[in-house]
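Here the structure is laid out as structure tokens; the discussion comes afterwards.
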Amino acid sequence: MNFAILTKELKKGVSVAERVTGKNLTLPILDNVLVEALQNFLKISATDLELGIQWWGMCKTDKEGKIAVPAKLLSQIIGSLSDEKVNVKEKGNTLVIEGKNYKTQVKGFTSDDFPIIPTFSKDVFVEVDAKKIKEGLMSVVDVVSLSQIKPEISGVYFSFEKDAVKMVATDSFRLAEKIIAFSNKQGYKNMFKEGISFILPQRAAKELINIISDEEKTLRIYLSESQVLFETFLSTVNHPEINLISRQIEGEYPSYQEIIPKEGKTKITVNKEEFLKQIKTAGIFGGRTNEVVLKITAKEKQAEIFSQDADIGEANLSIPAKTEGSSVKVSFNWKFLIDGLVNIKSSEIVFEFQGDDGPAVIRPVGDISYLYVVMPIKL
């Protein structure tokens, strides 16, 4: 193996791949990345057997070949390079990196020891606007359950329909749904004959957010029976840049639509930023249970917010609001409220209540693509 590559490209590839690696005592080979010189391209791969990443960058290849090398060590070496480009070659299971004034040698392993990353048939896929998928994921990914008791809610649910993509996450106490609609299918191509869906582990979802750059235009998604592949592309040539391969979570996603109230008994419309600020202030006195109380009085033009901690004090706050429906007094975990509010872009929100103990819904004003359901603290 022998190739020359721009240092910034090599740094980019190593930084993308090494995020999947870690200290693995039972399978030390998983601490490595696979460096592979192909014709005109460098390919760097990493896997932890549940999540895999493959990165491609342009290079000048004199001799093809591949070697597995420790990811952390390679990252430290590459991070200290200042030359514009470097020459890299493999000599007897050692990776040699050379520049103008330096030469480093990293002991590696034969590529035969490196796990095989699954391959996919690429005849059928979904092609979608990458930035919209990233923005949608960011609005739901933190709502995923961290418990493994119900594995089907420990990931993000994706549903690809005729002209829309739906992303959903829940932890049983709250639920976030983001729908990305595509008018005239612009920015969306679904080659599957029927609607498809899958549950993506939270870690994979967060990694997908990381790999989609602000300049990214297209994301392709391929499916096998138990895995999913996300693919981004190089901007300079028609070739993949990053492949992210993840297992799908087995099981049936809950019929979450059943818990979303069709219409609230009480409804308030408030300024989002002002409400967010007041909830954060009340949260200071939320105590161990993070409890804040919202009180809405019928025909009043404000919402009251109260919290109390026996050790430090209490907060009595109010915010101007347009109110509809009956009076209500409800307790919420203030952190759960903030998790929903920060993902809303509109200047105003609608907060709908189902009495004292039913699920409440937060929606952006003028935007039907996002909703956030939160359960009250039952007294």
Residues of the stretch 213-232 being in contact (Cβ under 8 Å) with a residue 24 or more places away in the chain and farther than 19 Å from Pro118 by Cβ, in sequence order, are Asp214, Glu216, Lys217, Thr218
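Does Thr119 qualify as being surrounded by 13 or more Cβ atoms within 10 Å (Cβ to Cβ) and of a type in the set (Val, Ile, Thr)? Full working, then the answer.
On the way: surrounded by 13 or more Cβ atoms within 10 Å (Cβ to Cβ): no; of a type in the set (Val, Ile, Thr): yes.
Against the criterion (surrounded by 13 or more Cβ atoms within 10 Å (Cβ to Cβ) and of a type in the set (Val, Ile, Thr)), Thr119 does not qualify.
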Quick check: anything in the stretch 292-304 assigned to a strand (DSSP E or B), more than 25 Å from the chain's Cα centre (by Cα), among the small types (Gly, Ala, Ser) and closer than 30 Å to Met167 by Cβ?
yes
For the stretch 149-188 the number of residues that are out of contact with any helix residue (DSSP H, G or I) (no Cβ under 8 Å at 6 or more places or on another chain) and open to solvent by 70 Å² or more (accessible area, probe 1.4 Å) is 9
A careful count of residues in the stretch 254-267 that are among the hydroxyl-bearing types (Ser, Thr, Tyr), open to solvent by 20 Å² or more (accessible area, probe 1.4 Å) and in contact (Cβ under 8 Å) with a residue 12 or more places away in the chain gives 0
For the stretch 36-86, the count of residues that are open to solvent by less than 50 Å² (accessible area, probe 1.4 Å) and not in a strand (DSSP E or B) equals 9
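Within the stretch 277-286, count every residue that is among the hydrophobic types (A, V, I, L, M, F, W, C), open to solvent by less than 70 Å² (accessible area, probe 1.4 Å) and over 15 Å from Phe336 (Cβ atoms). Let's see the steps before the verdict.
Applying the first criterion (among the hydrophobic types (A, V, I, L, M, F, W, C)) to the stretch 277-286 yields 279, 282, 284-285.
Pick out the ones that are also open to solvent by less than 70 Å² (accessible area, probe 1.4 Å) and you get 279, 282, 285.
From the residues that got through so far, the ones that are over 15 Å from Phe336 (Cβ atoms) too are 285.
Total meeting the criteria: 1.
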Result of the Cβ filter at 9 Å on the stretch 165-193, keeping first residues that are free of Cβ contacts under 8 Å to residues at least 40 places away in the same chain and partners that are in a loop (DSSP other than H, G, I, E, B) and of a type in the set (Phe, Trp, Tyr), at least 6 apart or interchain, is Val165/Phe182
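A quick yes/no check of all residues on (1) closer than 21 Å to Val140 by Cα; (2) basic (Lys, Arg); (3) modelled with pLDDT of 95 or more:
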position	(1), (2), (3)
Leu229	yes, no, yes
Thr232	no, no, yes
Leu244	yes, no, yes
Lys295	no, yes, yes
Ser307	no, no, yes
Ala315	no, no, yes
Pro320	no, no, yes
Ser326	no, no, no
Ile338	yes, no, yes
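For the stretch 205-220, what are the residues that are at pLDDT 90 or above, crowded, with 16+ Cβ neighbours inside 10 Å and in contact with a strand residue (DSSP E or B) (Cβ under 9 Å, 6 or more places away or on another chain)? Lay out the reasoning, then the answer.
Our first condition is that a residue be at pLDDT 90 or above; within the stretch 205-220, this holds for 205-212, 218-220.
Subsequent filtering for residues that are crowded, with 16+ Cβ neighbours inside 10 Å retains 205-208, 211-212, 219-220.
Ala205, Glu207, Leu208, Ile211, Ile212, Leu219, Arg220, listed by residue number.
Within the stretch 287-305, take every residue that is closer than 11 Å to Ile377 by Cα and out of contact with any Leu (no Cβ under 8 Å at 6 or more places or on another chain) and give me the one that is most open to solvent (accessible area, probe 1.4 Å).
Step one: filter the stretch 287-305 for residues closer than 11 Å to Ile377 by Cα, giving 289-293.
So of that shortlist, the ones also out of contact with any Leu (no Cβ under 8 Å at 6 or more places or on another chain) come out as 289-291, 293.
On the way: Thr289: 84, Asn290: 34, Glu291: 50, Val293: 23 Å².
If we take residues in the stretch 287-305 being closer than 11 Å to Ile377 by Cα and out of contact with any Leu (no Cβ under 8 Å at 6 or more places or on another chain), then Thr289 is most open to solvent (accessible area, probe 1.4 Å).
Could you run through the stretch 189-204 and say how many residues are under 16 Å from Leu137 (Cβ atoms), assigned to a strand (DSSP E or B) and open to solvent by less than 30 Å² (accessible area, probe 1.4 Å)? Please lay out each step first, then the result.
Narrowing the stretch 189-204 to residues under 16 Å from Leu137 (Cβ atoms): 197-204.
Then drop every residue that is not assigned to a strand (DSSP E or B), which leaves 197-201.
Still in the list and also open to solvent by less than 30 Å² (accessible area, probe 1.4 Å): 198-201.
Residues in the stretch 189-204 being under 16 Å from Leu137 (Cβ atoms), assigned to a strand (DSSP E or B) and open to solvent by less than 30 Å² (accessible area, probe 1.4 Å): 4 in total.
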Restricting attention to the stretch 306-321, the residues that are surrounded by 15 or more Cβ atoms within 10 Å (Cβ to Cβ) and of a type outside the set (Phe, Trp, Tyr) number exactly 7
Taking the stretch 122-148 and keeping residues touching a strand residue (DSSP E or B) at 6+ places or on another chain (Cβ under 9 Å), open to solvent by less than 60 Å² (accessible area, probe 1.4 Å) and not aliphatic (A, V, I, L, M) leaves Phe125, Glu127, Asp129, Lys134, Gly136, Ser139, Ser145
How many residues of the stretch 328-364 are under 24 Å from Lys134 (Cβ atoms), touching a strand residue (DSSP E or B) at 6+ places or on another chain (Cβ under 6 Å), assigned to a loop (DSSP other than H, G, I, E, B) and open to solvent by 20 Å² or more (accessible area, probe 1.4 Å)? The answer is 1
Only unsatisfied item for Leu30, checking (1) more than 23 Å from Ser235 (Cα to Cα); (2) touching an Asp or Glu at 6+ places or on another chain (Cβ under 7 Å); (3) open to solvent by less than 30 Å² (accessible area, probe 1.4 Å); (4) part of a strand (DSSP E or B), is (4)
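The values are calculated or read from the model by the stated rules, or taken from the named source; none is laboratory data. In this text the structure is predicted, and so the values were computed from the model without any measurement. Positions of Cβ are backbone-derived with ideal geometry, glycine not excepted, and every protein chain shown enters the neighbour counts. For the accessible areas, the whole protein counts, side chains as well, though only heavy atoms, and no ligand, DNA or RNA atoms are used. Shrake-Rupley method; radii C 1.70, N 1.55, O 1.52, S 1.80 Å.
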